[in-house]
Amino acid sequence: MKIVSYKTEGLEHLGVFFEGHIYNLNSLNPIIPNNMAAFLSGGEPLVEAVHRAFEGLKNNSSQIKEEIFYELIAPVPHPTSLRDAYAFRQHVATARRNRGAEMLPEFDQFPVFYFGNHHAINGPGEILCMPDHFQKLDFELEIAIVINKKGRNIKAAEADDYIAGYMIMNDFSARTLQLEEMKLNLGPAKGKDFATSIGPWLVTKDELEAFKIKTKTGHTGNCYQLDMQCWVNDEMVSRGNFETMDWTFAEIIERISYGCDILPGDVIGSGTVGTGCFLELNGTAKLENPTAKEQWLQPNDKVELRIQGLGVLSNIITAQTTDFSILALKK
């Protein structure tokens, strides 16, 4: 299934996307809440209720009223937390090579993550950016999961049971802000906290069964073969595959939940796939040709992340009108 959050007349609703249309899940079965947060907190009974409602819809869609006027928003519009991992070795190794740094052996020993701003979640549509964000504004091509069971000290072998589904994620990055603050061994913070987009819907695990592949030797958890692309203004700039993810989401959950509760509504990103951002692509291009021109996102750019089985997440970069700059406030 493809579960969506959407708005009509300013109110949020929970729906299912089927054959090009959105249907309200609460209308299909009143036991299903009309928002994503309540659904994720409802456990297995609500998951089963949604599956039954969807089966009924498939068998009788011509007799059921679809939504006509709606605004598609982030499938998980109000996450309880946002974490982003660093799970693709290709991206990490290439980015370090490009700046003359050796690969860290710790990458292969345990998965790492940082906390993002869960109040800056966007869905499809506009991404509002301040002037300083356009100092090397970047996309990041990622996949995210959302948790739907509370847990603590979860072993990787059981961790996939805590995943409600998968989404496309774009972890927008203001690289000048990010690189400045990380010289102080903290962050990323201001370079990341203005916008993260997820969507266009939450794809349940059963829909990805056909893409499942064997897990890499020495690792635990579900793995999938999904083509991943980024297109900017209708030109493909990046391509990778979910199968190259080295640390699985199950292993990431195991580390996150050590001595710490995970909660329904927690969103966890995979980190950037290999070639999945301009920072890496520009660095590689400059190694091959020192005079190569850098590419960064600009106002009015259309950014589309297209991932097999998960859909297309489309955003328009919009500049906010202001002369306020925190880069100008440096002492």
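The values are calculated or read from the model by the stated rules, or taken from the named source; none is laboratory data. Only a predicted model underlies this, so the values are computations on that prediction, with no experimental measurement involved. Backbone-built Cβ (ideal geometry, glycine too); neighbour counts: all protein chains shown.
Inside segment 121-198, counting only strands (runs of 3 or more DSSP E) that do not spill past its ends, which hold 1 or more residues that are surrounded by fewer than 21 Cβ atoms within 10 Å (Cβ to Cβ)?
Numbers: elements: 125-129, 141-147, 163-170.
Per the criteria, 125-129, 163-170.
I need a count of the residues in segment 104-126 that are under 20 Å from Leu305 (Cβ atoms) and polar (S, T, N, Q).
Summing the residues that are under 20 Å from Leu305 (Cβ atoms) and polar (S, T, N, Q) in segment 104-126 gives 2.
Sort out which residues of segment 213-251 are among the basic types (Lys, Arg) and either under 19 Å from the mean Cα position of the chain (by Cα) or in a helix (DSSP H, G or I) (or both), and write them in order of number. Give the derivation first.
The initial filter retains those residues of segment 213-251 that are among the basic types (Lys, Arg), namely 214, 216, 239.
Within segment 213-251, just Arg239 meets the criteria.
Considering only segment 252-273, I want to know if a residue exists there that is over 30 Å from Arg152 (Cβ atoms), in a loop (DSSP other than H, G, I, E, B) and assigned by TED's automatic domain parsing to the domain that holds Arg152.
Step one: list which residues in segment 252-273 are over 30 Å from Arg152 (Cβ atoms), which gives none.
Looking for residues that are over 30 Å from Arg152 (Cβ atoms), in a loop (DSSP other than H, G, I, E, B) and assigned by TED's automatic domain parsing to the domain that holds Arg152, one finds none in segment 252-273, hence no.
If you scan segment 226-248, which residues turn out to be on the phi < 0 side of the Ramachandran plot, surrounded by fewer than 16 Cβ atoms within 10 Å (Cβ to Cβ) and either touching a residue at least 40 places away in the same chain (Cβ under 8 Å) or aliphatic (A, V, I, L, M) (or both)?
Asp227, Met236
Looking at Phe69, Phe113, which is the one that is touching a residue at least 60 places away in the same chain (Cβ under 8 Å) and more than 21 Å from the chain's Cα centre (by Cα)?
Working: Phe113 fails: more than 21 Å from the chain's Cα centre (by Cα).
Within the list Phe69, Phe113, the selection yields Phe69.
Check segment 260-274 and report whether any residue there is among the hydrophobic types (A, V, I, L, M, F, W, C), without any contact (Cβ under 8 Å) to a residue 24 or more places away in the chain and over 17 Å from Ala164 (Cβ atoms).
Step one: of segment 260-274, the residues among the hydrophobic types (A, V, I, L, M, F, W, C) are 260, 262-263, 267-268, 273.
With without any contact (Cβ under 8 Å) to a residue 24 or more places away in the chain added as a condition, the list becomes none.
Checked segment 260-274: no residue is among the hydrophobic types (A, V, I, L, M, F, W, C), without any contact (Cβ under 8 Å) to a residue 24 or more places away in the chain and over 17 Å from Ala164 (Cβ atoms).
State which residue is farthest from the chain's Cα centre (by Cα) when the search covers only segment 252-307 and only residues that are over 30 Å from Gly42 (Cβ atoms) and β-branched (Val, Ile, Thr).
Per the criteria, the residue is Thr291.
Among (1) at negative phi; (2) surrounded by fewer than 20 Cβ atoms within 10 Å (Cβ to Cβ), there is one condition Gly276 misses while meeting the rest; what is its number?
Unmet for Gly276, out of (1) at negative phi; (2) surrounded by fewer than 20 Cβ atoms within 10 Å (Cβ to Cβ): (2).
Among what's in segment 277-295 and is part of a loop (DSSP other than H, G, I, E, B) and touching a helix residue (DSSP H, G or I) at 6+ places or on another chain (Cβ under 6 Å), pick the residue that is farthest from Asp227 (Cα to Cα). If you could, list the steps in order and put the result at the bottom.
Filtering segment 277-295 for residues part of a loop (DSSP other than H, G, I, E, B) gives 277, 289-295.
Retained after the next criterion (residues that are touching a helix residue (DSSP H, G or I) at 6+ places or on another chain (Cβ under 6 Å)): 292, 294-295.
Working: Ala292: 27, Glu294: 25, Gln295: 23 Å.
Per the stated criteria, the residue is Ala292.
Determine which single condition Ser5 fails, assuming it passes every other condition in (1) farther than 21 Å from Leu263 by Cα; (2) surrounded by 13 or more Cβ atoms within 10 Å (Cβ to Cβ); (3) not hydrophobic (A, V, I, L, M, F, W, C).
Unmet for Ser5, out of (1) farther than 21 Å from Leu263 by Cα; (2) surrounded by 13 or more Cβ atoms within 10 Å (Cβ to Cβ); (3) not hydrophobic (A, V, I, L, M, F, W, C): (1).
How many of the residues in segment 47-65 are at pLDDT 95 or above and either surrounded by 15 or more Cβ atoms within 10 Å (Cβ to Cβ) or in contact with a Lys or Arg (Cβ under 6 Å, 6 or more places away or on another chain) (or both)?
5
Just give me the residues in segment 66-77 being surrounded by 16 or more Cβ atoms within 10 Å (Cβ to Cβ) and not in a loop (DSSP other than H, G, I, E, B), in sequence order.
Leu72, Ile73
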